[in-house]
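To start, the structure itself, in structure tokens.
The values are calculated or read from the model by the stated rules, or taken from the named source; none is laboratory data. Note that the structure is a prediction, hence the values are computed from the model and not measured. Note: ideal-geometry Cβ built from the backbone for every residue, glycine included; neighbour counts use all protein chains shown.
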Amino acid sequence: MNNFNFCNPVNIVFGKNTISQLANLIPSDTKVMLCYGGGSIRKNGVYDQVISALSGKEHIEFSGIEPNPLFETCMQAVDIIKEENIGFLLGVGGGSVIDAVKFIAAASKCEGSAPWEILVNHGTNVSEAMPFGCVLTMPATGTEMNANSVISRKSSDEKLAFASSAVYPTFSILDPETTYSIPKNQLRNGIVDAFVHVVEQYITYDIETPLQDRQAEAILNTLVELADRVLAQNKDYNALAGYMWCTTQALNGTIACGAVGDWSTHMIGHELTAFWGLAHAESLAVVLPGVWKHQFENKKEKLAKFGERVWNLNHDTNDENAVLAIERTVEFFHSVGMPTSLADYNICKDDIAKVSDRFKQRNTIVGEHQNIGHKEVGEILTLCL
Ligand code: NZQ
Ligand code: ZN
């Protein structure tokens, strides 16, 4: 096991009717900016609950944060914050709203350098951010309990991530009842995103992280067990509560402790979103099987373990279990309604160079062995056709 530091300061407030606790969670005597997306919270009653909890607190609203939030939109919020003397941000929505709030929080304190540099430098230049809290309405990304944010820029078709301990939320409210209104395709996206978060921290090579492996397997097994109940959309509170907690645990740093991660599927997937607009999880479901096939020799011990412990495989050899583990994962994605090939999005062989060229321009190397550069990205995507 590798050495690690683990500090996760996010106050999680979980359960029914917890939005009413906002008034106690937000610092007093500060002007709040309520940030949200395209209006789902106005339809499902979450907005009313938030406004009622904020009564008596001075606040303004910033809405219209889009899925795959845009740098351009975030910068409008930064301008308003400066004009209005805002002291606290409240993000109410899914990963996109919360990621946008994280970026806005950092960009508002960014003196001297251009805010886009936060993303180009992946957050290494962020030393402070405005305080903010979250009300999560979409279980998927884990952003409510981590220090990451992913922002897109329309003008250059880019999607970049940054991380900084300055952008941990002060608190995150997770009320599973807010998820009753989520459309089926977004539930599917959340299941797949959380699943891929776990396997990108687990299926690398074995350095003896026995507890972290079992924690990863527990999240994967729970996601698989709950998927049908979650997708049934019948206000099954306990299934949605279990699911919501899985998605948070999948990317709150716990299973990464002392382990070796591989974020190549995410890094390649972000380019599919940037160029062709695939939803984040759609991009992952296409790329993951290609990464596993391409990196089979490097990953097969962990793939076999995953096959045994999640898909209950017990063939004679690791190779057989590893091959079947990839197949079972693809079958699982299909079973939740998720496509797994580039052809499903009309992306063809000739398009692949666009992605590999971007890795070349940025000199990006990924993979747990730092062995996936632009050439390998092209080979991986060819396996995803
Ligand atoms: O805009 P609104 O009206 O809020 O509607 C949203 C949006 O259209 C809707 N929605 C959210 N909660 C709902 C709801 N509809 C009905 N009922 C509810 N309760 O769902 C749509 C998608 O929302 P979005 O926030 O975009 O989804 P998600 O949570 O999957 O976030 C995706 C973003 O997070 C990034 C992705 O790259 C993408 O930009 N990620 C962030 C990560 C992080 N910060 O750690 C990790 C992930 O790997 C991921 O990259
Ligand atoms: Zn993800």
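Of note:
- Checked against (1) away from ligand 2 (no atom under 14 Å from the Cβ); (2) more than 26 Å from ASN238 (Cβ to Cβ); (3) surrounded by fewer than 17 Cβ atoms within 10 Å (Cβ to Cβ); (4) not β-branched (Val, Ile, Thr), LYS102 passes all but condition (3).
- Some residue of region 90-111 being within 11 Å of ligand 1 (Cβ to nearest atom), without any contact (Cβ under 8 Å) to a residue 40 or more places away in the chain and hydroxyl-bearing (Ser, Thr, Tyr): no
- Scanning region 232-248 for residues that are touching a residue at least 60 places away in the same chain (Cβ under 8 Å) and surrounded by 19 or more Cβ atoms within 10 Å (Cβ to Cβ) gives LEU240, ALA241, TYR243, MET244, CYS246, THR247, THR248.
- Residues (outside any helix (DSSP H, G or I) and crowded, with 16+ Cβ neighbours inside 10 Å) located in region 327-364: VAL336, MET338, THR340, ILE347, THR364
- Matching residues, region 231-270, being touching a strand residue (DSSP E or B) at 6+ places or on another chain (Cβ under 6 Å) and either of a type in the set (Gly, Ala, Ser) or at pLDDT below 95 (or both): SER264
- Within region 43-64, the only residue that satisfies the criterion of being surrounded by 15 or more Cβ atoms within 10 Å (Cβ to Cβ) and among the basic types (Lys, Arg) is LYS57.
- Taken over region 172-220, residues that are among the aromatic types (Phe, Trp, Tyr) and surrounded by fewer than 24 Cβ atoms within 10 Å (Cβ to Cβ) amount to 2.
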